[in-house]
Amino acid sequence: MSYTASVWMFVFAAMSFYWALGGTTGLNTVSLGQEVTGESWFIAALWLTGILKVGGGLLALALVQTWGQQIPRRLLLIAAWGVGAVLVIHGGDFVIQGALTEAGLISLSSPTAWTPDHWQTFVWGPWWLLGGLFFCLSAWNYQLKSRNQQFR
């Protein structure tokens, strides 16, 4: 599961770096999308999130690679569970807000056929939730495995 979480993070990092370098494919599916393309703060945010995602991918690998044993067990567990929780909360927020919008309890800023809000509800939210589940399962597996090795 850790390898899956790692690949998941590296794919997201590649998307951030692609957009930071000026790519526009898929950019209209995120909230700010093309409205802020080229603005320096947005490009900096994309670079920062890309670097954080690479760090997340390395964290997931640290749970299963021998070099990860150099990192204190408690630190790895706190980081892995923390990343998993943040991803689940982030994805859940997208899905919940989207469900409230679809139910008519929240109104869209611009009623169009397919908006970034729809992308967040039906694509990005579930995708972030999936990544969070990958991380939580990775943390759980590492916790069980490393606990068994500690008591030998």
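What to note about this one:
- Residue within the stretch 94-104 that is hydroxyl-bearing (Ser, Thr, Tyr) and either in a helix (DSSP H, G or I) or in contact with an Asp or Glu (Cβ under 8 Å, 6 or more places away or on another chain) (or both) present: yes
- Set 49, 25, 101: member being over 26 Å from residue 133 (Cα atoms) and either at pLDDT below 95 or touching a helix residue (DSSP H, G or I) at 6+ places or on another chain (Cβ under 7 Å) (or both): 25
- Scope the stretch 1-17; condition of a type in the set (Phe, Trp, Tyr) and at pLDDT 95 or above; matching residues: 3, 8, 10, 17
- Near pairs, Cβ below 9 angstrom, 6+ apart or cross-chain, from the stretch 115-138 (without any contact (Cβ under 8 Å) to a residue 12 or more places away in the chain and closer than 24 Å to residue 102 by Cα) to any residue that is assigned to a helix (DSSP H, G or I) and charged (D, E, K, R): none
The values are calculated or read from the model by the stated rules, or taken from the named source; none is laboratory data. Since the structure is predicted, the reported quantities are computational estimates derived from the model, not experimental observations. All Cβ positions, even for glycine, are placed from backbone atoms using ideal geometry, and neighbour counts span all protein chains on display.
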